[in-house]
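Below: one structure, written as structure tokens.
The values are calculated or read from the model by the stated rules, or taken from the named source; none is laboratory data. Since this is a predicted model, take the numbers as computed values, not measurements. Because the Cβ atoms are built from the backbone with ideal geometry, glycine has one as well, and the counts that use them run over all protein chains shown.
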Amino acid sequence: MARIDLNCDMGESFGAWSVGRDREVIRHITSANVACGWHGGDPVVMDATVGLAAQHGVGVGAHPGYPDLLGFGRRNLDCTPDDVRAYVTYQIGALQAFCRSRGVALRHVKPHGALYLTALDDEGVARAVAEAVFRVDPGLFLLTLAGPRGDAVARIGAEVGVRVVREAFPDRAYTPDGTLVSRREPGAVVSGPDEVARRALLMATEGAVTAVDGTRVALEAETLCVHGDTPTAVDLVRVIRETLETAGVRVAPLGDGRDA
């Protein structure tokens, strides 16, 4: 039986600003990537999001990013590896405290936005992220992109001693080399629930995605990410999960059914 995790970025509201539909989306996912206050989120939101995940039996992961609230963490910053290591350590530790206070295990770390993308191409940044994860808790999973683009992070993670999980994005368009189409390009985000669900099923059962030029790209993924801040997010995750389970795919959190 095929098995897949379904993750979503959550807890990105900040103060008086509300982002996403967390309370509705969380009913259909198995892992939540919780913002740690630097691209979105704040202490009150972090605590509430961990509590919401615990209530629904959803695995919790830290979603650390660059210190960039104004740019929502999507701008690349000129940071040294030492900076990145400290930034990631700080954010994981903050979320870990909320998890402990609610009796919830922190399961994974998924870098956010520009930090996630920079790590794919900059081995110094990738190593700094992996080292931060390992030093805080070597039992945590580190998420990176499925396909050739994520190979360097996977290799570095293995060298450091971190267990790397590859993820794919059924609601994002892909280039023929397995890279996500830039959000600045038209058609970068796929919003139709049925189309996204078909892409998710192909990823989960055949380890592949259809690129923008129609070519088939291999993507061996253990988790699928759907963005919770898209207007159709609730319909997307609901239809994806229904489609996967109807096809006999087991949808379960990271770490459930594999060695810890």
Q. Looking at the range 167-178, is at least one residue of a type in the set (Ser, Thr, Tyr) and part of a loop (DSSP other than H, G, I, E, B)?
A. yes
Q) When Leu95 is evaluated against the numbered criteria (1) of a type outside the set (S, T, N, Q); (2) in contact with a Pro (Cβ under 9 Å, 6 or more places away or on another chain); (3) assigned to a helix (DSSP H, G or I); (4) more than 27 Å from Thr30 (Cβ to Cβ), which criterion, by number, is the only one it fails? A) (4)
Q. Which one is surrounded by the fewest Cβ atoms within 10 Å (Cβ to Cβ) among residues in the range 1-48 that are in contact with a His (Cβ under 9 Å, 6 or more places away or on another chain) and among the β-branched types (Val, Ile, Thr)?
A. Ile26
Q: Just give me the residues in the range 126-136 being touching a residue at least 40 places away in the same chain (Cβ under 8 Å) and surrounded by 17 or more Cβ atoms within 10 Å (Cβ to Cβ), in sequence order.
A: Arg127, Ala128, Val129, Glu131, Ala132, Val133, Val136
Q: Mind listing just one residue for me: the one in the range 57-82 that is of a type outside the set (A, V, I, L, M), in contact with a Lys or Arg (Cβ under 8 Å, 6 or more places away or on another chain) and closer than 17 Å to Ser31 by Cβ and, of those, surrounded by the fewest Cβ atoms within 10 Å (Cβ to Cβ)?
A: Gly59
**Q.** Criterion: part of a loop (DSSP other than H, G, I, E, B) and touching a residue at least 12 places away in the same chain (Cβ under 8 Å) - qualifying residue of Gly157, Gly150, Gly139
**A.** Gly139
Q. Restricting attention to the range 188-198, and to residues there that are within 18 Å of the chain's Cα centre (by Cα) and either among the acidic types (Asp, Glu) or in a helix (DSSP H, G or I) (or both), which single residue is surrounded by the fewest Cβ atoms within 10 Å (Cβ to Cβ)?
A. Ala197
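Yes/no per residue for (1) surrounded by 15 or more Cβ atoms within 10 Å (Cβ to Cβ); (2) among the hydroxyl-bearing types (Ser, Thr, Tyr); (3) not in a loop (DSSP other than H, G, I, E, B):
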| residue | (1), (2), (3) |
| --- | --- |
| Arg184 | no, no, no |
| Ala200 | yes, no, yes |
| Thr205 | no, yes, yes |
| Val209 | yes, no, yes |
| Gly214 | no, no, no |
| Glu220 | no, no, no |
| Cys225 | yes, no, yes |
Q.
Please verify whether Phe98 is hydrophobic (A, V, I, L, M, F, W, C), surrounded by 16 or more Cβ atoms within 10 Å (Cβ to Cβ) and modelled with pLDDT under 95, treating the condition exactly as stated.
A. no
